[in-house]
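Right, one structure below, let's go through it.
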Amino acid sequence: MSFEDRERKIIQLVKEKNYISVKELTKLLYVSEPTIRRDLTLLEKKGLLKRNRGGASYVSRQQTQYPQAFRHDENIQEKKYIARLASQFVQNGDSVFMDASSSCFYLAQYINRDKKLNVMTHGFAAAKELAKSSNINVEVVCGKYDIFNDAVYGADACNYVRSRYADICFMSMGGLDVSQGLTNLYLEDAEITRVYHQQAKKTILLADHTKINCKYYIKVFDLAEIDVLITDRPLPEEFDAFCFDHDIDVIFE
């Protein structure tokens, strides 16, 4: 088993159990204790878990952001459900922005391949999925590549997006809160997502129920600025009332 495969499995096990010992990991992954200790040290340096005496413990969503490959495997059914609903907003001839989220990766799978579209994204997973169709013109943002998120970021990426306009923008967030708005953990994520929003006529937010009333370190923009929220279940009463008062269309079925 490669380190990348062990990395995903270790993160999954730590998340499920909150704490797991080195001995248990060696039995489950069929590798030596020194190998597991090295893996845990590397994962702790990435901020993906916290090493404890004899094992490792889970780091909450508000404290870290997991690798893109792992996020693709998180809440899959909810994200696919949301992606299917979101795909209905894409019309033939549209210009579309899509962020590098796992939600937009699943949206890319549901978009009708017969539609002629211009799509810009800074996420390589969505770009590769959309490029399977000859009808979809896929433009990848220029910038600094980040292997952790399989995407490009930075000032050049933001300036590149500013040279384009879109009919519709799809994005996800780390957290949504009535008072704090839309938040993410990292500044570079927030910066390019903010520019997408500024350059699009309509902003559609894709967020499963685990992100509602969740707050991260970096504010992206106010919740009231989005046009549509697509989620997988009815919103809490206060959240639903806020969306109604600010003319945000809420779609969950």
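Mind counting the residues in segment 222-242 that are free of Cβ contacts under 8 Å to residues at least 60 places away in the same chain, buried (at least 17 other Cβ atoms within 10 Å of the Cβ) and over 20 Å from ARG194 (Cα atoms)?
Counting residues in segment 222-242 that are free of Cβ contacts under 8 Å to residues at least 60 places away in the same chain, buried (at least 17 other Cβ atoms within 10 Å of the Cβ) and over 20 Å from ARG194 (Cα atoms) gives 1.
Can you find, within segment 127-176, the residue that is surrounded by the fewest Cβ atoms within 10 Å (Cβ to Cβ) among those that are of a type in the set (Asp, Glu) and assigned to a helix (DSSP H, G or I)?
Filtering segment 127-176 for residues that are of a type in the set (Asp, Glu) and assigned to a helix (DSSP H, G or I), the one surrounded by the fewest Cβ atoms within 10 Å (Cβ to Cβ) comes out as ASP156.
Just one of TYR160, TYR153, TYR216 is among the hydroxyl-bearing types (Ser, Thr, Tyr) and within 28 Å of ASP245 (Cβ to Cβ); which is it?
TYR216
Collect the residues in segment 206-221 that are crowded, with 22+ Cβ neighbours inside 10 Å and in contact with a Phe, Trp or Tyr (Cβ under 8 Å, 6 or more places away or on another chain), keeping them in residue-number order.
Result: LEU206, single match.
Condition test on ALA100, is it part of a helix (DSSP H, G or I), aliphatic (A, V, I, L, M) and crowded, with 17+ Cβ neighbours inside 10 Å?
No; evaluated as a whole, the condition is false for this residue.
Is segment 83-95 home to any residue that is part of a strand (DSSP E or B), surrounded by 15 or more Cβ atoms within 10 Å (Cβ to Cβ), modelled with pLDDT of 75 or more and in contact with an Asp or Glu (Cβ under 7 Å, 6 or more places away or on another chain)?
Looking for residues that are part of a strand (DSSP E or B), surrounded by 15 or more Cβ atoms within 10 Å (Cβ to Cβ), modelled with pLDDT of 75 or more and in contact with an Asp or Glu (Cβ under 7 Å, 6 or more places away or on another chain), one finds at least one in segment 83-95, hence yes.
Return the residues of segment 214-234 that are out of contact with any strand residue (DSSP E or B) (no Cβ under 6 Å at 6 or more places or on another chain) and in a loop (DSSP other than H, G, I, E, B); say none if nothing qualifies.
Passing the criteria: TYR217, THR231, ASP232, ARG233, PRO234.
I'm trying to understand the selection: among the residues of segment 22-69, which are in a loop (DSSP other than H, G, I, E, B), among the polar types (S, T, N, Q) and modelled with pLDDT under 90?
SER60, GLN62, GLN63, THR64, GLN65
Condition first: hydrophobic (A, V, I, L, M, F, W, C) and either closer than 26 Å to ASN213 by Cα or not assigned by TED's automatic domain parsing to the domain that holds CYS243 (or both). Can you find one or more residues in segment 106-126 that meet it?
yes
If I filter segment 177-198 down to residues being of a type in the set (S, T, N, Q) and surrounded by 18 or more Cβ atoms within 10 Å (Cβ to Cβ), which single residue comes out as nearest to SER163 (Cα to Cα)?
Checking each candidate, the answer is THR193.
The values are calculated or read from the model by the stated rules, or taken from the named source; none is laboratory data. Please read all numbers here as calculations on a predicted model, not as lab measurements. Glycine also receives a Cβ, built like all others from the backbone with ideal geometry; neighbour counts cover every protein chain displayed.
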